[in-house]
Amino acid sequence: MHVRLVPTRRLPRGQWGPLVALLVWLGTLAAALYVGRRTGEPVALCHFKRFTGVPCPTCGGTRAALRAGEGDLWGSFLANPLLFTLLIGLTIVVALRFLGGRRLDLGLTATERRAGWLVLAALVLVNWAYVILYVG
């Protein structure tokens, strides 16, 4: 594995899907906050938890993002450790891209890529157990 920064375009061409998904999520979040404040009852955004009674691996992600936005990084981490870590990593990658005109190239071999997916799956399972036990 070799890590290097590669020059790239600051604005990617034709990749609007992630931006649209982010805007839909932010709109849903804003609507839920508005309805929750108007009714005095919090609005549950997780359909998985609503139907199964068990929180999903991403439960607490909205709270984590809100707490990070308020500057409460420890509270953000406690709300969902894996999503907090991914949020920090994504912030770094986006800053490199849009501010520095660089992208991160990991240069992984096929074996390293498979191992990375296995590690990610294990992290998701450990994080899910944490969310079930402590975030609820």
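The values are calculated or read from the model by the stated rules, or taken from the named source; none is laboratory data. On a predicted model such as this, the values are computed, not experimentally measured, just so you know. Please note: Cβ atoms are built from the backbone with ideal geometry, for glycine as well, and neighbour counts cover all protein chains shown. Each accessible area value is taken on the protein alone, full model and side chains, heavy atoms only, with ligands, DNA and RNA left out. Shrake-Rupley method; radii C 1.70, N 1.55, O 1.52, S 1.80 Å.
The phi torsions of segment 85-90, fed into the Karplus equation with coefficients 6.51, -1.76 and 1.60 and a -60° offset, translate into couplings of 4, 5, 5, 5, x, 5 Hz, rounded to whole numbers, with Gly and Pro shown as x. Highest GNM mean-square fluctuation, the chain, Cα pairs closer than 10 Å: which of Pro55, Pro18, Pro81? Looking only at Pro55, Pro18, Pro81, the largest GNM fluctuation is found for Pro18. GNM on the chain, alpha-carbon springs under 10 angstrom: the most fluctuating residue among Val124, Val35, Val93 is Val35. Here the convex hull built on the C-alpha positions of the chain has a volume of 149 cubic angstrom per residue.
Over all pairs of different C-alpha atoms, segment 51-115 has a mean inverse distance whose reciprocal, the Kirkwood radius, equals 13.8 Å. Taking the chain as a Gaussian network of alpha-carbon nodes connected by springs under 10 Å, the highest mean-square fluctuation of the residues Ala68, Ala21, Ala32 belongs to Ala21.
May I ask you to give the percent of accessible area on the chain that is carbon plus sulfur, with a probe radius of 1.4 Å? The partial results should precede the final answer.
Working: 6930 of 9920 Å².
Answer for the chain: carbon and sulfur cover 70 percent of the accessible area.
If you place +1 on the Cβ of every Lys and Arg, -1 on the Cβ of every Asp and Glu, and leave all else neutral, what size is the dipole of the chain about its Cα centre, to the nearest 20 Debye?
Numbers: 15 positive and 5 negative charges, 94 e Å.
For this selection, approximately 460 debye.
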